[in-house]
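One structure is given below, encoded as structure tokens.
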Amino acid sequence: MPANELIRSSASAMAAKLAAKEVSAVELTQAHLDRITEVDGGARGVHAFLHVNTEEALAVAADVDARRAAGEKLHELAGVPIAVKDLIVTKGQPTTAASKILEGWMSPYDATVVKKLRAAGMPLLGKTNLDEFAMGSSTEHSAYGPTRNPWDLDRIPGGSGGGSAAAVAAFEAPLALGTDTGGSIRQPGAVTGTVGVKPTYGAVSRYGAIAMASSLDQIGPVSRTVLDSALLQEVIGGHDPLDSTSLTDPSTGLVAAARLGNVKGMKIGVIKELHGEGFQTGVENRFNDSLELLRSAGAEIVEVSCPNFGYALGAYYLIMPSEASSNLAKFDGVRFGLRTLPTEGPLTIERVMGATRAAGFGDEVKRRIILGTYALSAGYYDAYYGSAQKVRTLIQRDFAAAFAQVDVLISPTSPVTAFKLGEKIDDPLSMYLNDIATIPANLAGVPGLTLPGGLADEDGLPVGIQLLAPAREDSRLYRVGAVLESLLEAQWGGPILDQAPSLSQSVLETVGTAAKEAN
């Protein structure tokens with residue numbers, strides 16, 4: 001099979017070819033490494049990766065091939081390569097959180113999810129780009145430069161996990177891991193035409209994920225199909241005694257749910273507050289199309305109101321920076337990472353810390369640390385952080401009331417399609433509004449999934465459809481998501497990424513032209 005055709009397969013299709021010995025794990029891994037070399041580098045490359053793990057990935061692939069040849073029983077995804085967001089620590093590879101303060105830092109241990117990937121025999125292709133410490137909605141706040149959207153290299157791939165989503169959309173990796181604090185898996189998925197899942201809080205261990213906001217952060221899968229995400233979540237999920245927030249009874253049966261193919265009789269709730277005014281016309285049109293398809297498949301569509309969702313953005317931008325300011329206090333120039341000495345005055349620990357943090361953190365990180373420290377300060381804690389936590393409780397009650405009426409909730413994932421690079425970077429409030437539909441799930445700890453809903457009429461760019469389910473009921477997302485995905489692909493005549501037939505060639509030509517001009 002030609003390499004270009006092979007890398008466009010789903011992860012489940014790749015796994016089937018590996019099991020049938022139609023292709024080797026080394027061939028599959030090398031094809032993706034070649035793709036990264038072709039499209040990722042240069043001034044006009046996708047720039048999804050901060051580090052490429054060539055030698056180790058090929059060694060793992062060769063070991064999988066040897067064990068398969070010896071007749072050893074392997075995991076279904078053994079030999080299928082994967083990329084990892086550079087917020088998740090990996091032994092033997094740098095972990096930078098896309099920040100200068102951790103430039104070149106090598107973790108002495110693996111995150112729990114990385115251990116599980118290794119145990120499954122999945123070659124790690126490398127570490128993907130993100131907004132510094134996961135603070136952003138566009139991957140423009142990386143200290144190592146922005147990632148570009150494979151659909152249009154002048155547009156953002158979403159954030160903070162734009163690198164993982166772009167890698168999957170550009171066929172550089174069939175699967176990736178991301179982290180989602182306020183939508184950082186789902187929003188990039190929406191604007192790149194990929195599938196992204198935020199599992200139930202605690203369903204996947206956070207041990208080894210560099211914390212931004214500990215009560216909100218969640219590791220989850222990025223893929224090109226709903227089934228692939230289900231397969232990956234079953235690999236990385238489960239209880240972990242190293243994570244005090246890890247659930248002892250996380251959701252199971254995810255892959256079976258994705259293969260069920262039936263939503264007849266299910267009640268699907270349209271969230272009144274998360275569509276309509278403020279949402280791009282093309283986004284709204286594709287959302288309405290998806291509702292009609294689900295109705296035609298036998299689902300009952302009902303409108304539900306979650307009145308406190310309107311306060312979610314304000315509550316999030318008090319809770320998140322408050323927790324972030326506390327979590328980032330460890331980056332002090334004393335124990336690990338960057339150390340910058342003051343240029344004048346006495347050499348004290350306080351002055352070293354100040355100089356290090358001034359040099360090592362970017363503007364967005366500093367902005368959120370200042371906001372969070374203020375919200376937690378004496379005299380303001382109850383007025384800001386305490387009040388935000390009360391709003392969080394109201395949002396949780398809204399979800400509980402909604403799920404008493406319906407099986408799952410549905411909304412657009414992002415109010416707009418991918419905007420131009422640089423368009424909103426100097427307007428933080430406008431940037432924050434991109435997460436308006438995704439933030440409530442993090443505040444309540446419920447699972448959320450985004451899948452491609454088609455292309456917007458105005459610009460031909462991907463639109464995301466978001467599904468939300470009660471805590472521990474992740475399987476409902478996969479059941480409904482797989483059915484909607486199948487209905488949409490039947491309408492389009494294939495996967496959403498096939499709706500951009502020039503994607504591969506346009507990226508290659510752009511990168512090639514830039515390279516020639518540089519020479």
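Structure data summary
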quantity	calculated
Of residues in the range 329-379 being acidic (Asp, Glu) and touching a residue at least 60 places away in the same chain (Cβ under 8 Å), the one surrounded by the fewest Cβ atoms within 10 Å (Cβ to Cβ)	Asp363
Test: residue in the range 236-255 that is in a helix (DSSP H, G or I), in contact (Cβ under 8 Å) with a residue 40 or more places away in the chain and over 14 Å from Val204 (Cβ atoms)	yes
Given (1) buried (at least 24 other Cβ atoms within 10 Å of the Cβ); (2) at pLDDT below 95, number of the condition Ser138 does not satisfy	(2)
Of all residues in the range 213-228 being closer than 24 Å to Met135 by Cα and in contact with a Leu (Cβ under 8 Å, 6 or more places away or on another chain), the one that is surrounded by the fewest Cβ atoms within 10 Å (Cβ to Cβ)	Leu216
Selected residue (only one of Gly104, Gly182, Gly126 is part of a loop (DSSP other than H, G, I, E, B), small (Gly, Ala, Ser) and at positive phi)	Gly104
Tabulated pairs, the range 145-159, first more than 15 Å from Val39 (Cβ to Cβ) and in contact (Cβ under 8 Å) with a residue 24 or more places away in the chain, second among the charged types (D, E, K, R) and surrounded by fewer than 24 Cβ atoms within 10 Å (Cβ to Cβ), C-beta under 6 angstrom, 6+ apart or interchain	Pro146/Glu140; Asp154/Lys420; Arg155/Lys420
Condition check for Pro199: of a type outside the set (A, V, I, L, M), touching an Asp or Glu at 6+ places or on another chain (Cβ under 6 Å), surrounded by fewer than 24 Cβ atoms within 10 Å (Cβ to Cβ) and at negative phi	no
Breaking point among (1) in contact with a Gly (Cβ under 9 Å, 6 or more places away or on another chain); (2) without any contact (Cβ under 8 Å) to a residue 60 or more places away in the chain; (3) outside any helix (DSSP H, G or I), for Val406	(2)
Residue within the range 44-54 that is part of a helix (DSSP H, G or I) and farther than 23 Å from Gly71 by Cα present	yes
So Leu421, is it hydrophobic (A, V, I, L, M, F, W, C), at pLDDT 95 or above and buried (at least 24 other Cβ atoms within 10 Å of the Cβ)	no
Options Val283, Val270: the member that is assigned to a strand (DSSP E or B), closer than 30 Å to Phe403 by Cβ, touching a Ser or Thr at 6+ places or on another chain (Cβ under 9 Å) and of a type in the set (A, V, I, L, M, F, W, C)	Val270
Members of the range 294-310 that are in a helix (DSSP H, G or I) and either touching a strand residue (DSSP E or B) at 6+ places or on another chain (Cβ under 9 Å) or surrounded by 18 or more Cβ atoms within 10 Å (Cβ to Cβ) (or both)	Leu294, Arg295, Asn308, Phe309
Residue in the range 68-82 that is at negative phi, not hydrophobic (A, V, I, L, M, F, W, C) and not in a loop (DSSP other than H, G, I, E, B) present	yes
Qualifying residues in the range 319-361 (those that are part of a loop (DSSP other than H, G, I, E, B) and either of a type in the set (A, V, I, L, M, F, W, C) or modelled with pLDDT of 95 or more (or both)) - the one nearest to Met135 (Cα to Cα)	Phe361
From Leu58, Leu74, Leu130, Leu87, residue being at pLDDT 95 or above, within 22 Å of Arg339 (Cα to Cα) and of a type outside the set (Phe, Trp, Tyr)	Leu87
Verdict on Gln396 being in contact with a helix residue (DSSP H, G or I) (Cβ under 8 Å, 6 or more places away or on another chain), of a type in the set (S, T, N, Q), within 18 Å of Thr200 (Cα to Cα) and crowded, with 23+ Cβ neighbours inside 10 Å	no
For Pro452: the one exception among (1) touching a Gly at 6+ places or on another chain (Cβ under 7 Å); (2) over 18 Å from Lys272 (Cα atoms); (3) in a helix (DSSP H, G or I)	(3)
Every pair of residues 6+ apart whose Cβ atoms lie under 6 Å, when the first sits in the range 452-467 and is under 17 Å from Glu489 (Cα atoms) while the second is part of a strand (DSSP E or B) and of a type in the set (A, V, I, L, M)	Gly453/Val463; Gly453/Ile465; Gly454/Val463; Ala456/Val463; Ile465/Leu451
Condition met for Leu6 (farther than 30 Å from Gly145 by Cα and in a helix (DSSP H, G or I))	no
Positions within the range 295-331 being among the basic types (Lys, Arg) and under 26 Å from Gly136 (Cα atoms), in sequence order	Lys330
Exclusive hit being farther than 22 Å from Ala170 by Cβ and in a helix (DSSP H, G or I), set Asp63, Asp34	Asp63
Close pairs (7 angstrom Cβ cut-off, 6 or more residues apart or separate chains): within 23 Å of Leu484 (Cα to Cα) and at pLDDT 95 or above in the range 291-312, of a type in the set (Gly, Ala, Ser) and not in a strand (DSSP E or B) anywhere	Gly298/Gly265; Val304/Ala402
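Matching residues to (1) more than 23 Å from the chain's Cα centre (by Cα); (2) within 30 Å of Val114 (Cβ to Cβ); (3) at pLDDT below 95:
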{"residue": "Met212", "(1), (2), (3)": "no, yes, no"}
{"residue": "Ile236", "(1), (2), (3)": "no, yes, no"}
{"residue": "Pro250", "(1), (2), (3)": "no, yes, yes"}
{"residue": "Thr281", "(1), (2), (3)": "yes, no, no"}
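The values are calculated or read from the model by the stated rules, or taken from the named source; none is laboratory data. Note that the structure is predicted; figures quoted are calculated from it, not measured. Neighbour counts are summed over all protein chains in view; Cβ atoms, including those assigned to glycine, are modelled from backbone coordinates with ideal geometry.
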